[in-house]
Amino acid sequence: MADGKDQHIMPHPDGGWQVKGEGNTKATKRFKTKAEAVEYAKKVSKNQDANIVPHKKDGKLQKKTNV
């Protein structure tokens, strides 16, 4: 079980994708593509022993994954 802050991969309101820590109001980082955001989230999640929580383009949750 992960102990760190889950990393959400979600659409950014101004376009592109963002990685956002669980409970944070601001994005950790913004990307042009979801694939770039996923790669970044994997690194952050591994360092923090956290889960990745991908969202669909409509903002709905996808399956949570462990790194």
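The values are calculated or read from the model by the stated rules, or taken from the named source; none is laboratory data. Everything numeric in this text was worked out from a predicted model, so none of it was measured. So basically every Cβ, Gly included, is an ideal-geometry build from the backbone, and we count neighbours across all protein chains shown. Side chains are part of the model used for accessible areas, which takes the heavy atoms of the whole protein and leaves out ligands, DNA and RNA. Shrake-Rupley method; radii C 1.70, N 1.55, O 1.52, S 1.80 Å.
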Can you pull out the residues in region 1-20 that are surrounded by fewer than 17 Cβ atoms within 10 Å (Cβ to Cβ) and within 12 Å of the chain's Cα centre (by Cα)? Pro11, His12
Identify, by number, the condition in (1) open to solvent by 60 Å² or more (accessible area, probe 1.4 Å); (2) assigned to a helix (DSSP H, G or I); (3) touching a residue at least 12 places away in the same chain (Cβ under 8 Å) that Glu39 doesn't meet. (3)
Just to be sure, is Gln7 modelled with pLDDT of 95 or more and closer than 16 Å to Lys60 by Cβ? no
For region 4-36, which residues satisfy the criterion of being assigned to a strand (DSSP E or B) and either closer than 14 Å to Ile52 by Cα or of a type in the set (A, V, I, L, M, F, W, C) (or both)? Gln7, His8, Ile9, Met10, Trp17, Gln18, Val19, Lys20, Gly21, Phe31
Determine if region 48-59 includes at least one residue that is outside any strand (DSSP E or B), closer than 13 Å to Gln7 by Cα, open to solvent by 70 Å² or more (accessible area, probe 1.4 Å) and free of Cβ contacts under 8 Å to residues at least 24 places away in the same chain. no
